[in-house]
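Shown next, in structure tokens, is the structure this report addresses.
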Amino acid sequence: MTTSYFVTGGAGFIGANLVHHILETRPGSKVVVYDALTYAGNLDNIEDALGSDRCDFVKANICDRDAITAAFEKHRPSVIYNLAAESHVDRSIDGPAAFVQTNIVGTFEMLDCARNYYAGLDQDAAADFRFVHVSTDEVYGSLGADGLFHETTPYAPNSPYAASKAAADHLVRAYHHTYGLPVVTTNCSNNYGPYQFPEKLIPVVLLNALEGKALPVYGDGSNIRDWLYVRDHTEALLLAAERGRLGETYNIGASEERTTLQMVHTICDIVDQLRPRSDGTSYRELITFVTDRPGHDRRYAIDATKIGREVSWSPSVSFVEGMTKTIQWYLDNQSWCKRITEGSYRRERIGLGGS
């Protein structure tokens, strides 16, 4: 039987990488990209995929119940990946309403439409059906100097973004326990890789460096994140749908903790090698410390033991290899970067609480 994947937010960063990964590694499968093409979603991200007869595109919002229902009926998905979300913490500080609408209301609409769709499937199709909700480690709040986030860690979100994702996670859990919807939830650490919208740390620093602009580092640069190469993440998502236990949550991380300052130093050092400055100095000289954002969580770190044990997943790309691949991709795709940054976002500072 042909597996039909339905990827909301499939023209965004992680979604686009998932779409490419499916087409490359799951022969005979089909993919439907469902995306509203807001600021972070762009058809440039899936241009190659859309050239395949195995990939279809639906421009619509996950809050649009009629559009979701029509898309389900037309494309008959067997696996739904819910990646559509407002995802940038700084934007959630400036404008939390959009995060409530997309991340909470949108997830509810997706779940409720999926419940109705699932109820109409025949026995064999219902047995294969999965709803995979893709979330974040930010729902757990902030860690101290020691310890890791586990699947049983109590939720303690500290930003409007994290709170909206936490609410969505709870809705997914409720739809499984109340209605029997076959769901799997994943909570991942910070992703990096190709197609990332240039408001995130790595593309901001890289693109600013290439233009000789200041490289902004929040606070003292000591906030710690666990970094995960996006293609390792997308493989984990595929395996979670194929092997994960229904109703379970799986944390996905690579145990690659770095401070913000270490990340910026790594970017500078790699670009120093791949695209050295004409005057021979290091890009590190462009680093500028800026006011920290409100409520900035100090440290995140994932324990991925469960997904390794139950799903047989582990990261395959080392941090240095993944960062080098990522930076080389951006260097090789400057036209993509230019098209993206010609829109409304120009790498200006956001997230200070302004309206």
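The values are calculated or read from the model by the stated rules, or taken from the named source; none is laboratory data. These figures come from a predicted structure and were not determined experimentally. Cβ atoms come from the backbone with ideal geometry, glycine included; neighbour counts cover every protein chain shown.
Okay, here's what the table says:
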{"item": "The stretch 296-313 residues that are free of Cβ contacts under 8 Å to residues at least 60 places away in the same chain, paired with ones that are buried (at least 17 other Cβ atoms within 10 Å of the Cβ) and part of a helix (DSSP H, G or I) (beta carbon under 9 Å, 6 or more apart)", "result": "304/236"}
{"item": "Sole residue being outside any helix (DSSP H, G or I), of a type in the set (Gly, Ala, Ser), under 19 Å from the mean Cα position of the chain (by Cα) and surrounded by fewer than 23 Cβ atoms within 10 Å (Cβ to Cβ), chosen from 255, 222, 278", "result": "255"}
{"item": "One residue from 148, 37, 43 being hydrophobic (A, V, I, L, M, F, W, C), crowded, with 18+ Cβ neighbours inside 10 Å and within 21 Å of the chain's Cα centre (by Cα)", "result": "148"}
{"item": "Residue 285 being surrounded by fewer than 19 Cβ atoms within 10 Å (Cβ to Cβ), at negative phi, without any contact (Cβ under 8 Å) to a residue 24 or more places away in the chain and not polar (S, T, N, Q)", "result": "yes"}
{"item": "When residues of the stretch 16-68 are limited to those that are out of contact with any strand residue (DSSP E or B) (no Cβ under 9 Å at 6 or more places or on another chain) and among the hydroxyl-bearing types (Ser, Thr, Tyr), the one modelled with the lowest pLDDT", "result": "39"}
{"item": "Identity of the residue in the stretch 113-142, in contact with a helix residue (DSSP H, G or I) (Cβ under 8 Å, 6 or more places away or on another chain) and in contact (Cβ under 8 Å) with a residue 60 or more places away in the chain, that ends up surrounded by the fewest Cβ atoms within 10 Å (Cβ to Cβ)", "result": "115"}
{"item": "Residue list for the stretch 75-93, filter: of a type outside the set (A, V, I, L, M, F, W, C) and either crowded, with 21+ Cβ neighbours inside 10 Å or touching a helix residue (DSSP H, G or I) at 6+ places or on another chain (Cβ under 6 Å) (or both)", "result": "77, 78, 81, 82, 86, 87, 92"}
{"item": "Criterion violated by residue 293 - all others in (1) over 23 Å from the mean Cα position of the chain (by Cα); (2) modelled with pLDDT under 95; (3) not β-branched (Val, Ile, Thr) satisfied", "result": "(1)"}
{"item": "Of all residues in the stretch 151-167 being under 21 Å from residue 307 (Cα atoms) and part of a helix (DSSP H, G or I), the one that is nearest to the chain's Cα centre (by Cα)", "result": "165"}
{"item": "Residue list for the stretch 1-15, filter: surrounded by fewer than 24 Cβ atoms within 10 Å (Cβ to Cβ) and at pLDDT 95 or above", "result": "4"}
{"item": "Odd one out for residue 310 among (1) surrounded by 15 or more Cβ atoms within 10 Å (Cβ to Cβ); (2) out of contact with any strand residue (DSSP E or B) (no Cβ under 7 Å at 6 or more places or on another chain); (3) at pLDDT 95 or above; (4) part of a loop (DSSP other than H, G, I, E, B)", "result": "(4)"}
{"item": "Wholly within the stretch 18-129, strands (runs of 3 or more DSSP E) carrying at least 1 residues that are polar (S, T, N, Q)", "result": "79-82"}
